1. For the range 171-183, what are the residues that are part of a helix (DSSP H, G or I) and under 17 Å from N14 (Cα atoms)?
2. Select from the range 146-168 the residues that are in contact (Cβ under 8 Å) with a residue 60 or more places away in the chain and assigned to a helix (DSSP H, G or I) and write down the one among them that is surrounded by the most Cβ atoms within 10 Å (Cβ to Cβ).
3. When the range 58-87 is examined, which residues are found to be small (G, A, S) and buried (at least 17 other Cβ atoms within 10 Å of the Cβ)?
4. Answer yes or no as to whether S94 is farther than 23 Å from K23 by Cβ, free of Cβ contacts under 8 Å to residues at least 24 places away in the same chain and of a type in the set (S, T, Y).
5. State all residues of the range 107-128 that are within 17 Å of K175 (Cβ to Cβ) and either free of Cβ contacts under 8 Å to residues at least 12 places away in the same chain or among the polar types (S, T, N, Q) (or both); if no residue qualifies, say none.
6. Within the range 126-140, identify whether any single residue is on the phi > 0 side of the Ramachandran plot, outside the structural domain of E38 (by TED's automatic domain parsing), in contact with a Pro (Cβ under 7 Å, 6 or more places away or on another chain) and surrounded by fewer than 14 Cβ atoms within 10 Å (Cβ to Cβ), and answer yes or no.
7. Only one of these is assigned by TED's automatic domain parsing to the domain that holds F182, surrounded by 13 or more Cβ atoms within 10 Å (Cβ to Cβ) and under 28 Å from E140 (Cβ atoms): F44, F55, F101. Name it.
8. State which residue pairs qualify: first residue more than 15 Å from L172 (Cα to Cα) and inside the range 129-143, second residue among the β-branched types (V, I, T) and buried (at least 21 other Cβ atoms within 10 Å of the Cβ) in any location, beta carbons under 7 Å apart, and separation of 6 or more residues or different chains.
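The values are calculated or read from the model by the stated rules, or taken from the named source; none is laboratory data. Bear in mind the structure is a predicted one, so any value in this text is a computation, not a measurement. Positions of Cβ are backbone-derived with ideal geometry, glycine not excepted, and every protein chain shown enters the neighbour counts.
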Amino acid sequence: MKNIIFDLGNVLVNFDFTEFWEKIGAKPAHKRFLEEAEKPILLFEAGKISKEQFFSEFKKIYDFEMPLPKFEKIWSEVFSENLPMVELAKKLHSDFDLYIFSNTDEIHFPYIWKNFPSLHFFGENLMLSYEIGAVKPEKEAYENALKKFNLKPENCVFIDDRPINIKMAQQLGMKGIVHRSFEETAAELSKILKFDRQILND
């Protein structure tokens, strides 16, 4: 096993949309769930629509008005670094090839990359949905991600917080870890990689 692939949201970075709804003044209150905008979000994350098109659709769904630059800022300020997981990845960096495989968009990812330079050790090993043209758990997303770096699934471990995303990875031959906590993920990695767990915990 030589390749470890990390999801981004709720793995390397956390996100919380609680204040987002207040900042955009969304109404009515009972519609403050991103599920309402699942279709445009997935199209945006797959790179199928522009940020202008996404913004237009999002405004219609949640009934608010503001300039696009202001929305971009608010849309991105939901993230915070998950330091224990970032440090875990850094400890593995010298022995394994590391990658980020994320459903993300052309607003979120540049913000994350700029504001969390601790992730820069991943270099250009980035499998971003809006660049590869598909989103997890679509089979095409995994195939495009692996093809981009000529990786064989049997040589990869994938860490993601969504069981449905791990299920597809396993169906394609990858080892999978559903991330729930640093402790559980470190323990699972140590088993799969036959790596000293204490090294990951220190």
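1. F182, E183
2. N165
3. Of everything in the range 58-87, just one residue is small (G, A, S) and buried (at least 17 other Cβ atoms within 10 Å of the Cβ), namely S76.
4. yes
5. Answer for the range 107-128, where residues must be within 17 Å of K175 (Cβ to Cβ) and either free of Cβ contacts under 8 Å to residues at least 12 places away in the same chain or among the polar types (S, T, N, Q) (or both): there is none.
6. No: the range 126-140 contains no residue that is on the phi > 0 side of the Ramachandran plot, outside the structural domain of E38 (by TED's automatic domain parsing), in contact with a Pro (Cβ under 7 Å, 6 or more places away or on another chain) and surrounded by fewer than 14 Cβ atoms within 10 Å (Cβ to Cβ).
7. F101
8. From the range 129-143, the pairs are S129/T104; S129/V135; Y130/T104.
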